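Working notes, structure below.
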Number of protein chains: 2
Amino acid sequence: MSTGTVSTQIHLASRPTGWPTAENFRTVRVDLPNLAPGQVRVENSHISVDPYMRGRMNDVRSYVPPFAVGEVMTGGAVGEVVASAAEELPVGTTVLHQQGWRDVAQGDASDFTAVQPVPGVPASAFLGVLGMTGLTAWVGLTTIASFRPGDTVFVSGAAGAVGSVVGQIARLLGAKRVIGSAGSAEKVRLLTERYGFDAAFNYKDAPVREQLPAHAPDGVDVYFDNVGGDHLEAALDVMNDDGRAALCGAISQYNATGAAPGPDNLGNLVTRRLTLRGFIVGHHLDHATEYRERMGAWLRDGAVATDETVIEGIDHAVDGFLAMMRGENVGKMLIRTR
Amino acid sequence: MSTGTVSTQIHLASRPTGWPTAENFRTVRVDLPNLAPGQVRVENSHISVDPYMRGRMNDVRSYVPPFAVGEVMTGGAVGEVVASAAEELPVGTTVLHQQGWRDVAQGDASDFTAVQPVPGVPASAFLGVLGMTGLTAWVGLTTIASFRPGDTVFVSGAAGAVGSVVGQIARLLGAKRVIGSAGSAEKVRLLTERYGFDAAFNYKDAPVREQLPAHAPDGVDVYFDNVGGDHLEAALDVMNDDGRAALCGAISQYNATGAAPGPDNLGNLVTRRLTLRGFIVGHHLDHATEYRERMGAWLRDGAVATDETVIEGIDHAVDGFLAMMRGENVGKMLIRTR
């Protein structure tokens, strides 16, 4: 048993309209009670900030319930057990959990999952390439979009946590050509020089619809959509017959205050026999074991490069979340909390 | 061998912009040469006018090549062999072919397919419920939208050749609820009284988005889209998690002169894990044998009701096509040519 300690937590104070601001959050310091039997206390090393969290700030029907106002921002986090009243999770165990934006988490051991670190790979990878974002890339590409060797793949938001993994998996699985979009010259350079994309462009340089065709002279068979809006429309312009789009997210839309019209070329779905399929990784967790084995091997082989953008301190969790929404991260955006 | 005769044909004279007019077509009378060995001459009884033909009038990339200006409007037709220089198709054989808008067709026997009439079912059914439109309904519902017993199905353009068959097949396969939209009170009445839909509404009475929810209190699992535009948007509002839409056509868009924006709620594809899949029946002809057997049995049992709207005379083919595009038909729109 450990004595009580303080947990610094970020609560949702009010629901944002449009872009969230600091006023929508509140930092709360909570005195933790002593551990009850079966509980553990975890000092988080990293917490995850993800685009889908913006949707949870709204009070609308979605695939995960909205965050409650006045409650902590839950989500993925990784840390180490520092006090334990549960045999199965002794002090020193690295664990993954969903208690989110706090520096110290506490609860029943069943709420925490022990993870086996991969040699040479930091534990934070369980929030990224070995976690939900990596699995999202894998499921979206292989299951939702039914990727086949020889396909040309276009990935939007390609320098992000999901997109950078999608492109590299596509290459490893035998894509004919991998094209990515990102929001800065630096990211575009990373895509081709570090992540092995065949072509990349900065979507801020000119409308996507104008830029994409030159990079996809033979069209696109698989589109992995993290952005929505103009990107989806541009992809539909160049998709080949029987093309498939995995719709993972639409970060371009999340802070919109009104409904934006959709692509003006959905007619291509019929004439080219296209499939658009949205998905939520949480419904495909049966792929997790296979994925972690394959990705673990690729990481050990140095076949996949990953990056993290790390913001220091739980007090900067909101800043990190907003920076991620603005696209200021390369790879997985994380908050370091110890 | 027969002596020469005259074939009255409708040619595409120029490409329409927006709604076609009579000026875009030309009636041409052609003296047919004597039959060459291996050829047959067919007097058509019915020719088919279909929404997809509007797309072929444009000079754009699509799944079938555009009609050539100055050439006959090709498409489905059914008739009887009246002269034959081909053993395999003797005089009197009922045949299906793609020579389209003409009263007399002539060519190699291999261009004509003998059909076995179903007792009590007119040969014109091979252009409708036993032909491509029926197969479109079957493939779209069962393969593209992966219909499962217990699904709630919404069909737009439900009184048309495809839609009326979709709704009836869905009922026969165990739908929980079948909802249809159509463009007149008379059609709405037909949907519930003749075709067995559980609910129907007139999309001209009020925006689809306002009307559909009341008819789909438990949401929609499968949407069969013949209309596009507002209908697709309204369907996306009410689709249940894991819902599937088969996109067959978008008749609301075919005569548009500019690109119309798409639905403003494509975000639902991600949050509800929806699939939109376009298809072209010509790529699913491997289902034709199974379909004709099943539909043939349903027709013999009186389990499926079909209607035809018949315009008399090849000289009125254009009128019939335009009337169909305006939604003036119930069931399959046909031109009777003998």
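Structure notes:
- Remark: A:Leu269 falls outside the filter, which requires a residue to be part of a strand (DSSP E or B), within 14 Å of another protein chain (Cβ to nearest Cβ) and among the aliphatic types (A, V, I, L, M).
- For B:Thr289, the criteria (1) part of a helix (DSSP H, G or I); (2) in contact with a His (Cβ under 9 Å, 6 or more places away or on another chain) hold in every case but one, which is (2).
- All positions within the range B:96-117 that are surrounded by fewer than 23 Cβ atoms within 10 Å (Cβ to Cβ), in contact with a strand residue (DSSP E or B) (Cβ under 9 Å, 6 or more places away or on another chain) and not in a loop (DSSP other than H, G, I, E, B): B:Leu96, B:His97, B:Val104, B:Gly107, B:Asp108, B:Ala109, B:Asp111, B:Thr113, B:Ala114
- Candidates A:Val166, A:Val153, A:Val178, filtered to the one that is in the same structural domain as A:Arg273 (by TED's automatic domain parsing) and either assigned to a helix (DSSP H, G or I) or hydroxyl-bearing (Ser, Thr, Tyr) (or both): A:Val166
- Within the range A:204-239, tally of residues that are more than 13 Å from every other protein chain (Cβ to nearest Cβ), among the basic types (Lys, Arg) and more than 20 Å from A:Ala159 (Cβ to Cβ): 0
- One residue stands out among those in the range A:252-265 that are touching a helix residue (DSSP H, G or I) at 6+ places or on another chain (Cβ under 7 Å) and not hydroxyl-bearing (Ser, Thr, Tyr): the one that is farthest from the other protein chains (Cβ to nearest Cβ), which is A:Asn255.
- Look at (1) modelled with pLDDT under 95; (2) within 14 Å of chain A (Cβ to nearest Cβ) and you find that B:Gly296 fails only one, number (2).
- Test: B:Leu212 is assigned to a helix (DSSP H, G or I), crowded, with 16+ Cβ neighbours inside 10 Å and touching a residue at least 40 places away in the same chain (Cβ under 8 Å): yes
- Being among the polar types (S, T, N, Q), touching a residue at least 12 places away in the same chain (Cβ under 8 Å) and surrounded by fewer than 20 Cβ atoms within 10 Å (Cβ to Cβ) is a property that does not hold for A:Thr21.
- Verdict on B:Glu293 being in the same structural domain as B:Gly18 (by TED's automatic domain parsing) and either out of contact with any Leu (no Cβ under 7 Å at 6 or more places or on another chain) or closer than 30 Å to A:Ala145 by Cβ (or both): no
Okay, residues lined up against (1) buried (at least 20 other Cβ atoms within 10 Å of the Cβ); (2) outside any loop (DSSP other than H, G, I, E, B); (3) aromatic (Phe, Trp, Tyr); (4) within 14 Å of another protein chain (Cβ to nearest Cβ):
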site: B:Asn44; (1), (2), (3), (4): yes, yes, no, no
site: B:Ile47; (1), (2), (3), (4): yes, yes, no, no
site: B:Asp50; (1), (2), (3), (4): yes, no, no, yes
site: B:Val60; (1), (2), (3), (4): no, no, no, yes
site: B:Gly92; (1), (2), (3), (4): no, no, no, no
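- Within the range A:177-209, considering residues that are acidic (Asp, Glu) and exposed (fewer than 15 other Cβ atoms within 10 Å of the Cβ), the one farthest from A:Thr309 (Cα to Cα): A:Asp205
- One residue alone among B:Phe279, B:Phe201 is farther than 18 Å from A:Ala260 by Cα and within 19 Å of the chain's Cα centre (by Cα), and that residue is B:Phe279.
The values are calculated or read from the model by the stated rules, or taken from the named source; none is laboratory data. Values in this document were obtained by computation on a predicted structure and should not be read as measured data. Counting neighbours? That spans all protein chains shown, and the Cβs are built from the backbone with ideal geometry, glycine included.
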